[in-house]
Amino acid sequence: MGVKIWAAVSGLALLLAAAGGGYYAYKTLDSRTETDIVISGKDEGRVVTRRSKVDLPGAGGEVVVKEEVSSGTEDLAISKEEATKIEMPFAAEYFAHRLSDDEAIVSRQIYKGITEREETIYIKNDVVGSADICELIVMVVTGSPEIDYIDTNYSVQVDSDGYASAIFMNYTRSADDSEIRNMLTEQAIDRILAGMESDWTDFRKYKYIHDALVNNCFYYESDGDCYTAYGCLVGGNAVCEGYSKALMLVCDRAGIPCLPVIGQGVNEDGSVQGHIWNKVMLDGEWYASDITWDDPVFESAENYLRYDYFSVTDEEMTRNHVQDENRFISEPVCTATKCDYYRYYGYFAETVDDADDAFSNAVRDAMANGEEYARIKCSDRECFDATLNWVFGDGTGNEELFDMIKQGVSDNPGFGYKTSGYSVINNAVTYNISIRLKK
């Protein structure tokens, strides 16, 4: 952008896209002079999604063998009948039901031992090898979002045949401390659910939860609490693990099945980091969801809440999310699209010809609710590229969009909208395009 043009618009902020750069279009309409001031630009390389951070037990799969004992030692494990009486949280139960009977017993032993803060947790002999015990512990702990008090370093007793027979755990806080934290966490969940109606659909409930967590939590890596649901719900700051665990707890109270997904997030610059997101069941069908990445970082739009990863298919999520292999975690397949945010509200464009209707619906609804953003989703990259050009117009913006905005100003005079311009945010990975309405 030239210096002279930039000087003419020095008060304006350039919004960047979620992937691959973004377009910016600004137009001043002056009926007296019929002259336009036009600014356009494109910027690349800005990383705007939240960084991925996880703090899982034994992350990396390394286990310290504290002691090796001979095989055939006394089995101190609980019986199958005793194991079935141990009730785990929804996600841990979901995964355990897909294991062999013996593996399920071990998972319940681990859960019971951790929740009772046993320093030595004996497990059923000849079931889980030393190379796999880390993955099983990760399944239990990640599937139990209230567990946030174990040291990520631990040791395992292994017999001469290579099977784990005991786990030696360390705990980072007392039971009394955890009880207080749990009480405060439950109170925070109560405050969220107080605004929810019991007769709402699953979609509406989940949108309400999604928005509440994004709007009330700041992405910030401070201390150990940022990896916990407590950090997200009570402290107000968290990283992806805290967001994911908080979502599981709130969804559980709201009656919405919710699972964790452990893997890697691929950032805009191609770098990869450990990451956790979720899968949720809405109206009987599973959807992938990443509320951390729906709370993106923008230089001039910190409060931007998006729905790019609200309820998507596996195919869409795997464009920049890679799930870790864990033989104890069997995730449901997500292919449904009915509760996709954009399809649900009529903000979806199958082709560029549909963009007019999609944006008409989005602008109308956004302005009727006093919202700052109107957003749509395209079916594929071809539709996305064509629609982005349509939105950007010839560098002065799209006249049809300006007409929609002017109609919105007329219909909603109390919100202080202006017809002088809009800016454009795009996500070239998920094919989403948003326009920021000017106030």
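The values are calculated or read from the model by the stated rules, or taken from the named source; none is laboratory data. This structure is a prediction, so every number in the text was calculated from the model and none was measured. Here the Cβ positions follow ideal geometry from the backbone for every residue, glycine too, while neighbour counts run over all protein chains shown. Accessible surface areas use protein heavy atoms only, side chains included; no ligands, DNA or RNA. Shrake-Rupley method; radii C 1.70, N 1.55, O 1.52, S 1.80 Å.
Remark: the ASN216-GLN407 segment gains 65.5 nm on full extension, using 0.36 nm per residue and subtracting the alpha carbon distance. If you stretched the chain out fully between ASP161 and TRP200, how much longer would it get, using 0.36 nm times the residue separation minus the C-alpha to C-alpha distance? Roughly 8.6 nm would be gained on extension. For region 347-439, the share of accessible area belonging to carbon and sulfur comes to 43 percent (1.4 Å probe, ligands and nucleic acids excluded). Approximating the spin labels as points 7 Å out from Cα along Cα→Cβ, the GLU119-to-LEU305 distance works out to 4.7 nm. In loop segments of region 323-391 as defined by DSSP, the GluC sites (Glu not before Pro) with at most 16 further C-beta atoms inside 10 Å of their C-beta are GLU325, GLU350, GLU371. Once the Cβ-Cβ distance of SER271 and GLU82 is raised to the sixth power relative to R0 = 35 Å, the FRET efficiency obtained is 0.15. Using all pairs of distinct alpha-carbon atoms, the Kirkwood hydrodynamic radius of region 295-439 works out to 16.2 angstrom.
Computed over neighbours whose Cβ is under 14 Å from that of ILE329, the net charge equals -4, Lys and Arg +1, Asp and Glu -1. Note on region 142-223: with neighbouring protein chains present and a 1.4 Å probe, carbon and sulfur make up 45 percent of its accessible heavy-atom surface. Modelled spin labels at THR337 and THR313, positioned 7 Å past Cα toward Cβ, are 0.6 nm from each other. Past 20 Å, Cα to Cα: identify those pairs from LYS80/LYS279; LYS207/LYS406; LYS406/LYS438; LYS207/LYS245; LYS207/LYS438; LYS85/LYS245, in the order given. Among LYS80/LYS279; LYS207/LYS406; LYS406/LYS438; LYS207/LYS245; LYS207/LYS438; LYS85/LYS245, the Cα-Cα distance tops 20 Å for LYS80/LYS279; LYS207/LYS406; LYS207/LYS438; LYS85/LYS245. Full extension of the chain segment joining ALA386 with ASP177 gains 69.7 nm, where the gain is 0.36 nm per residue of separation less the Cα-Cα distance.
Normalising the Debye intensity of region 366-439 to I(0), with uniform scatterers on Cα atoms only, and taking log10 at q = 0.13, 0.20, 0.24 Å⁻¹ returns -0.38, -0.83, -1.07. With R₀ set to 22 Å, the beta-carbon distance separating LYS439 from ASP356 gives a calculated FRET efficiency near 0.40. Distance between the pseudo-spin-label points of ASP283 and ASP394 (7 Å out from Cα toward the beta carbon): 4.3 nm.
Counting only heavy atoms of protein chains, what accessible area per residue, in Å², does region 244-365 have with a probe of 1.4 Å?
About 36 Å² of surface per residue is accessible.
Across all Cα atoms of region 80-213, the radius of gyration (one decimal) and Dmax (whole number) stand at 17.6, 57 Å. When you filter the trypsin sites (Lys or Arg not before Pro) in region 324-387 for DSSP loop state and at most 16 other Cβ atoms inside 10 Å of their Cβ, you are left with ARG327, LYS338.
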